[in-house]
Amino acid sequence: MTAVTAPDRIEVRLQELSQLFNSMDPTPFHHKDLDPDAEEFITSWAQELPREGEFEILIHLTGGNTPPDAEGVAREALGNYFSYRALHAQREFRHLMQRGRQSLVIGLGFLASCLLVAEQVGQHAAGPYATILRESVIIGGWVAMWRPLEIFLYDWWPLANRRRMYEKLGRAAVRVTTT
């Protein structure tokens, strides 16, 4: 038997629902961008919550002018917005991996060239300057591998985590309360 856990709650307090949306965006509410401050607030709160489990977004409206369909509008708008952001993060991830593969091919080609040049220097020249040149060329070849290794070892983690967070926010339960 598995225990069902309550979703992690993100609470937002607003005067009216329109504060959630970017006022410069002329599209209807369910397609509007979120206000940058509202997005930052929600995502920073989501980043503080545990990775496992789901989210619930609770919007407290303190103004008196609450539309009757506020919860449906908020649910659809937040779902659409964060689902779009998840797709955007997935696209960024794909582009990063593509850049990583291209960098890897270029880096490996450059490293192979450097190793061949170093071998030629070692065969045709002797002395301390030849040794310095040979080692410098080898080091230069390995430095060319820095960026692909950085991409494949470190750069993809934040994008993958952000995508997962946006996916969870996109499917979060949304409730609206009025006070």
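Restricted to region 102-134, and to residues that are farther than 26 Å from residue 147 by Cα and in contact (Cβ under 8 Å) with a residue 12 or more places away in the chain, which residue is surrounded by the fewest Cβ atoms within 10 Å (Cβ to Cβ)?
Only one residue fits best here, namely 122.
Does residue 142 satisfy the criteria of being under 30 Å from residue 80 (Cβ atoms), in contact with a helix residue (DSSP H, G or I) (Cβ under 8 Å, 6 or more places away or on another chain) and surrounded by 13 or more Cβ atoms within 10 Å (Cβ to Cβ)?
Details: under 30 Å from residue 80 (Cβ atoms): no; in contact with a helix residue (DSSP H, G or I) (Cβ under 8 Å, 6 or more places away or on another chain): yes; surrounded by 13 or more Cβ atoms within 10 Å (Cβ to Cβ): yes.
Spelling it out, it is not the case that residue 142 is under 30 Å from residue 80 (Cβ atoms), in contact with a helix residue (DSSP H, G or I) (Cβ under 8 Å, 6 or more places away or on another chain) and surrounded by 13 or more Cβ atoms within 10 Å (Cβ to Cβ).
Could you grab me the full set of residues in region 50-81 that are surrounded by fewer than 16 Cβ atoms within 10 Å (Cβ to Cβ), in contact with a strand residue (DSSP E or B) (Cβ under 8 Å, 6 or more places away or on another chain) and assigned to a helix (DSSP H, G or I)?
none
Could you pull out the residue among 89, 46 that is surrounded by 16 or more Cβ atoms within 10 Å (Cβ to Cβ), in a helix (DSSP H, G or I) and touching a strand residue (DSSP E or B) at 6+ places or on another chain (Cβ under 8 Å)?
Numbers: 89 fails: touching a strand residue (DSSP E or B) at 6+ places or on another chain (Cβ under 8 Å).
On inspection, the qualifying residue turns out to be 46.
Read the figures in this text as sums done on the coordinates, not as results from a lab. Computed from a predicted structure; not experimentally measured. Note that each Cβ is placed from the backbone with ideal geometry, even for glycine, and that neighbours are counted across all protein chains shown.
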